[in-house]
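A.B. asks: Quick one: the structure is below, questions incoming.
The values are calculated or read from the model by the stated rules, or taken from the named source; none is laboratory data. All values reported here derive from a predicted model rather than from experimental measurement. Backbone-built Cβ (ideal geometry, glycine too); neighbour counts: all protein chains shown. These accessible areas exclude ligands, DNA and RNA; they are computed on the full protein's heavy atoms, side chains included. Shrake-Rupley method; radii C 1.70, N 1.55, O 1.52, S 1.80 Å.
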Amino acid sequence: MPDSPTSSIHIAKDETSQKLDEKLSSIKIREEEQEVERQATAQNLSYIDLSKFPISQDAIKLIPREKAEVLQTICFLYTGEEMRFGSLNPTNPQVTNISRELAEKYHANVKIYLISEYSFNKSMEVFDKIPTIIHMEGITITAEDLQKFNEKLNNFDELQSLVQDTGLTETVNLVIAASLKFGASDIHIEAEKTDIKVRFRIDGVLHDVAKLPMDAWPKINSRIKLLSGLKLNIGNKPQDGRFSISMADDAVDVRVSTIPSTFGESIVMRLLKASSIGLEFEKLGLKGKAFNDLKGQIEKPNGMVISTGPTGSGKTTTLYAILNKLNNPDTKIITLEDPVEYKLAGIVQSQVDNADGNDQEPVVAGESKPRSSKYTFARGLRAILRQDPDVVMVGEIRDLETADTAINAALTGHMMLSTIHTNSAAGTIPRLLAMGVQPFLLAPSLNAIIGQRLIRRLCTECKVEDTEIDNTKMTTIMNTLNEVAPESGHKPDESALTNLKFYKSVGCDKCHGLGYKGRVGIYEVMTMSPEVEKMILSGKVSEYEMEKLAVSQGMITMFQDGLLKAMEGITSIEEVFGEIKD
């Protein structure tokens with residue numbers, strides 16, 4: 001039956017009404033966009049209308065949907081070099097923080113735009129078009145997996161054989177499991193001209209452990225990048241990522257770094273085991289007067305304790321052990337690190353951010369200009385001191401501003417812990433004075449300076465007496481041990497010097513053929529005394545004279561501490577001479 005004239009009139013009215021509603025809605029949206037654009041101009045912000053912008057799924061996925069909804073912010077453009085964000089509130093510190101994090105992670109230039117609520121809602125619809133993918137936060141290695149590898153892996157040759165018989169999809173898991181088995185701190189995977197080299201850093205020393213065929217590189221590279229959240233299609237820029245490994249009795253945080261190289265990329269994975277942070281102060285390897293002096297200094301309510309040495313000498317480990325010693329419910333401890341590598345329960349940890357920012361911090365009362373937006377050691381330390389801490393650890397003193405702030409904190413009732421790069425404890429004071437620190441402030445602020453290195457422990461299963469030490473080296477050993485100050489409480493007696501015995505290792509299954517297993521610190525602890533303060537205040541400070549004075553007051557040098565540990569069979573003479581070239 002054909003439609004009646006009346007029904008046709010109703011349809012026409014409905015269509016007209018719908019068009020009118022659409023037109024009114026369009027006008028309202030346009031007015032809203034104009035209003036947001038005016039707000040952007042007034043606030044000196046960039047503006048964009050995203051309602052018809054072609055937003056890619058790769059770009060919008062950079063901020064997960066849940067976080068985008070909370071922050072009311074989306075990434076609408078990512079080209080590899082440029083990254084653009086749209087936000088209902090671009091000045092929100094959380095928005096600024098996530099843009100900086102993504103800029104640093106992907107090495108891209110960032111810009112944030114003010115957008116309308118309509119633009120934001122239309123942009124969020126792109127999430128609905130993204131296929132559902134199970135996101136892998138990390139990999140799990142079970143106790144059974146480790147037991148399987150333990151049975152098959154006793155040395156690097158066996159790892160090479162196992163790699164050749166393992167499918168590419170399992171190779172990364174095998175390499176990681178082997179690194180845990182051998183106690184590696186870092187895994188290096190390097191693309192070379194004809195093959196892929198795999199190396200482990202074990203007790204501070206790199207070892208070649210396996211080679212993979214060059215045609216395996218794409219899958220190995222992609223697997224690691226997928227695990228650590230890196231861009232698969234970028235191989236000509238550095239990238240940083242991370243993933244986690246969950247095991248039955250431990251957790252491992254893996255920091256991944258890639259850089260372009262001649263034949264592909266170099267990938268380094270740093271393994272940070274949660275169990276590594278439980279080191280006790282009493283087990284650092286300090287002994288006698290050095291242990292008692294340092295223990296007394298860190299228990300004071302204020303002052304500064306500095307650990308010094310080259311990169312990889314265990315400075316941060318020492319400070320963590322001190323923090324564990326001081327950590328109790330009635331003590332507020334805050335750290336400022338670059339980066340935060342281990343999480344410490346009961347301690348507030350903050351990470352510096354040296355990435356360039358386009359925005360500036362608001363003007364602080366009493367200041368005429370806004371400060372830089374970088375969260376540096378100096379700026380972070382000023383902020384921390386407003387948090388009413390009892391103990392503060394600053395990862396490193398790099399400049400005069402940080403040094404001055406730390407020293408003033410030590411003088412005003414705070415216990416300050418930090419590190420600096422010098423060759424010895426005695427070299428720290430000339431280094432700080434060279435930075436521009438005032439002697440009259442430095443002298444009363446310092447409590448103790450710890451000079452340190454890490455040396456490998458001999459494997460207890462295969463160590464044997466070392467009877468091949470040459471006469472020149474033995475003469476140096478005798479002279480150095482004779483110079484140990486009696487005040488130290490560790491000067492060897494005549495009978496010990498007459499019957500010197502040292503050890504070396506030959507390698508066994510327990511140490512995977514390396515001869516060493518684990519590391520121990522060798523230390524020198526210089527504490528303040530009226531004589532040391534007088535030398536600082538005189539302004540005539542040399543490293544040699546400072547060390548000579550400290551030794552006369554009972555300080556054992558790192559070289560002497562190493563030789564004493566070699567006498568005990570803890571390490572070898574080769575390790576001591578290799579690490580401390582006296």
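A.B. asks: Once fully extended, how much extra length lies between Ala274 and Glu170, figured as 0.36 nm per residue of separation less the alpha-carbon to alpha-carbon distance?
C.D. replies: Stretched out fully, the Ala274 to Glu170 stretch lengthens by 35.0 nm.
A.B. asks: Would you please give the FRET efficiency between Glu468 and Ser161, computed as 1/(1 + (r/R0)^6) with r the Cβ-Cβ distance and R0 = 35 Å, to the nearest 0.05?
C.D. replies: Using R0 = 35 Å, I get an efficiency of 0.55.
A.B. asks: Which whole-number percent is the relative contact order of the chain (Cα, under 8 Å, 6+ apart)?
C.D. replies: It rounds to 10 percent for the chain.
A.B. asks: Can you give the angle from 0 to 90° between the axis of helix 400-411 and the longest principal axis of the chain, with both taken from C-alpha atoms, to the nearest 10?
C.D. replies: 70
A.B. asks: So, with a 1.4 angstrom probe, what is the percent of accessible area on the chain that is carbon and sulfur?
C.D. replies: 49
A.B. asks: Straight-line reach from Lys504: which lysines have a Cα under 22 Å away, not including same-chain ones fewer than 8 places off?
C.D. replies: Candidates past the 8-residue exclusion: Lys463, Lys473, Lys517, Lys565, Lys581.
A.B. asks: I've got another one for you. So for each of 305-318, 491-504 I average, over its residues, the number of other beta carbons within 10 Å; can you give me the resulting order with the highest mean first?
C.D. replies: The peptides rank, most packed first, as 305-318, 491-504.
A.B. asks: Using the per-residue mean of other Cβ atoms lying within 10 Å as a proxy for protection, in what order, highest first, do the peptides 25-34, 452-461 fall?
C.D. replies: Listed from highest to lowest mean packing, they are 452-461, 25-34.
A.B. asks: Continuing with this model, one more query. I'm spelling it out carefully: the read-out is mean projected area of the Cα convex hull in nm², the candidates are (i) 31.3; (ii) 22.5; (iii) 38.7, and one was derived from this structure. Which label?
C.D. replies: From the options (i) 31.3; (ii) 22.5; (iii) 38.7, the structure gives (iii).
A.B. asks: In addition: Which lysines have a Cα lying under 17 Å from the Cα of Lys129, excluding residues fewer than 8 positions away in the same chain?
C.D. replies: Lys52, Lys61
A.B. asks: Plugging the Kirkwood radius over Cα pairs into Stokes-Einstein for the range 489-582, at a temperature of 25 °C and a viscosity of 0.890 mPa s, what D comes out in µm²/s?
C.D. replies: Estimated via Stokes-Einstein, D reaches 157 µm²/s.
A.B. asks: Cysteines of the chain lacking any other cysteine beta carbon under 4.7 Å?
C.D. replies: Cys75
A.B. asks: Distance cut-off 24 Å, Cα to Cα: go down the list Lys287/Lys510; Lys287/Lys343; Lys105/Lys374 and report the pairs above it.
C.D. replies: Violating the 24 Å Cα-Cα cut-off are Lys287/Lys510; Lys287/Lys343.
A.B. asks: Can you give the Kirkwood hydrodynamic radius of the range 409-550 from its Cα pairs, in Å with one decimal?
C.D. replies: Here the Kirkwood hydrodynamic radius works out to 18.4 Å.
A.B. asks: If you don't mind, there's one more thing I want to ask. Exceeding 32 Å between C-alpha atoms, which entries from my cross-link table qualify? They are Lys211/Lys283; Lys67/Lys237; Lys295/Lys540; Lys289/Lys332; Lys23/Lys67.
C.D. replies: Those over the limit are Lys211/Lys283; Lys23/Lys67.
A.B. asks: Which of the lysines could be linked to Lys534 by a straight reach, that is with a Cα gap under 20 Å, when you skip same-chain ones fewer than 8 residues away?
C.D. replies: In chain and number order, the partners are Lys548.
A.B. asks: While we're looking at this one, here's another question. Let a ≥ b ≥ c be the square roots of the eigenvalues of the Cα gyration tensor of the range 233-341; is it rounded (a/c under 1.5), or, if not, prolate (a/b larger than b/c) or oblate?
C.D. replies: prolate
A.B. asks: How large is the helix-only mean residue ellipticity at 222 nm for the chain, computed as the sum of -39500 (n - 2.57) over DSSP H runs with n ≥ 4, divided by its residue count, in deg cm²/dmol to the nearest 500?
C.D. replies: -12000 deg cm²/dmol
A.B. asks: So if I take the centroid of the Cα atoms in the range 290-306 and the same for the range 34-55, what is the distance between those two points in Å?
C.D. replies: 57
A.B. asks: May I pose another question? Treating the beta-carbon of each Lys and Arg as +1 and of each Asp and Glu as -1, no other charges, what is the dipole magnitude of the chain about its Cα centre, to the nearest 20 debye?
C.D. replies: In total the dipole reaches around 300 debye.
A.B. asks: What whole-number distance in Å separates the alpha-carbon centres of the range 470-506 and the range 390-426?
C.D. replies: 35
A.B. asks: Quick check on packing: order 513-523, 152-162, 531-541 by the mean number of other C-beta atoms within 10 Å, highest mean leading.
C.D. replies: The packing order, highest mean first, is 513-523, 152-162, 531-541.
A.B. asks: Per residue, how much accessible area does the chain show when a 1.4 Å probe rolls over the protein heavy atoms, in square angstrom?
C.D. replies: Computed with neighbouring chains in place, this is 51 Å² per residue.
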